[in-house]
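Engineer: Pasting in a structure now, in structure tokens, and then I'll have a few things to ask.
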């Protein structure tokens, strides 16, 4: 397994936002992570990515513990958070070269050229990030998440705010990436994740309430509607 999550829990003060969450993801899987606002999706993903350290339970990436072997584990992860914190004043190619150097890439310029082509950023590479559309900013965020060739991709609402064509293009990228990686991504749209996912995880009030294959989509629709009501 590339990702193993074992009984993780997280409190903010007296409020428990994640409750004994456990699941695993293997290479080649695209797992959709769904739930209503405030269900615990983003907190769970931040714990897996190593952004939140004070929590109960264990997370392992390729057998490396995210807390006790943080450098080894995080080197295996590509993370695109919901807010996509890019440096707006930097040029696209400049920013990606900076990220590549952070990962100790020995040939950052060559790697950046490769990633720009792969993510379809050729026409935008010499623009400042602040000048880009929402769709291209998401592509830049995805490019920085994969530039070091991670085994696990964690994508929090990667298609939020995109139009249908942009969503389709991002999904095609995810499908091509999934051949060699494990992917966990959150969404508010069941139909969107069902179109590319091998599995769907539902989280509600901090707990995993369903872990089903995409083939059970018809049964999942009624569950999803019920959860988003409450």
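Engineer: Take the range 95-109 and flag every residue that is touching a helix residue (DSSP H, G or I) at 6+ places or on another chain (Cβ under 9 Å) and either surrounded by 18 or more Cβ atoms within 10 Å (Cβ to Cβ) or free of Cβ contacts under 8 Å to residues at least 24 places away in the same chain (or both).
Structural biologist: Hits for the range 95-109 are 95, 96, 97, 98, 99, 100, 101, 107, 108, 109.
Engineer: Which condition number in (1) in contact with a helix residue (DSSP H, G or I) (Cβ under 7 Å, 6 or more places away or on another chain); (2) at pLDDT below 95; (3) over 17 Å from residue 185 (Cα atoms) is the one that residue 88 fails?
Structural biologist: (2)
Engineer: Output the residue which, of all residues in the range 141-152 that are out of contact with any helix residue (DSSP H, G or I) (no Cβ under 6 Å at 6 or more places or on another chain) and either buried (at least 18 other Cβ atoms within 10 Å of the Cβ) or part of a helix (DSSP H, G or I) (or both), is modelled with the highest pLDDT.
Structural biologist: 152
Engineer: State the number of residues belonging to the range 38-67 that are surrounded by 21 or more Cβ atoms within 10 Å (Cβ to Cβ) and assigned to a loop (DSSP other than H, G, I, E, B).
Structural biologist: Of the residues in the range 38-67, 3 are surrounded by 21 or more Cβ atoms within 10 Å (Cβ to Cβ) and assigned to a loop (DSSP other than H, G, I, E, B).
Engineer: On to the next question. On the basis of being modelled with pLDDT under 90, under 25 Å from residue 96 (Cβ atoms), out of contact with any helix residue (DSSP H, G or I) (no Cβ under 6 Å at 6 or more places or on another chain) and not in a loop (DSSP other than H, G, I, E, B), does residue 219 make the cut?
Structural biologist: No, not satisfied.
Engineer: A further question follows. Among the listed residues 199, 212, identify the single one that is under 16 Å from the mean Cα position of the chain (by Cα) and either surrounded by 20 or more Cβ atoms within 10 Å (Cβ to Cβ) or at pLDDT 80 or above (or both).
Structural biologist: 199
Engineer: I would also like to ask the following. Out of the residues in the range 153-168 that are in a loop (DSSP other than H, G, I, E, B) and under 15 Å from the mean Cα position of the chain (by Cα), which is surrounded by the fewest Cβ atoms within 10 Å (Cβ to Cβ)?
Structural biologist: Taking the candidates together, the pick is 160.
Engineer: Here is a list of conditions, (1) touching a residue at least 12 places away in the same chain (Cβ under 8 Å); (2) within 15 Å of the chain's Cα centre (by Cα); (3) outside any strand (DSSP E or B), and residue 33 meets all of them except one; can you say which number that is?
Structural biologist: (3)
Engineer: Right, something else. If I go through the range 124-139 residue by residue, how many of them are at pLDDT 95 or above and in a helix (DSSP H, G or I)?
Structural biologist: 4
Engineer: Within the range 68-86, can you find the residues that are closer than 19 Å to residue 156 by Cβ and exposed (fewer than 14 other Cβ atoms within 10 Å of the Cβ)?
Structural biologist: 83, 85
The values are calculated or read from the model by the stated rules, or taken from the named source; none is laboratory data. Just so you know, these numbers come straight off a predicted model, no measurement behind them. Neighbour counts run over all protein chains shown; Cβ positions are idealised from the backbone, glycine included.
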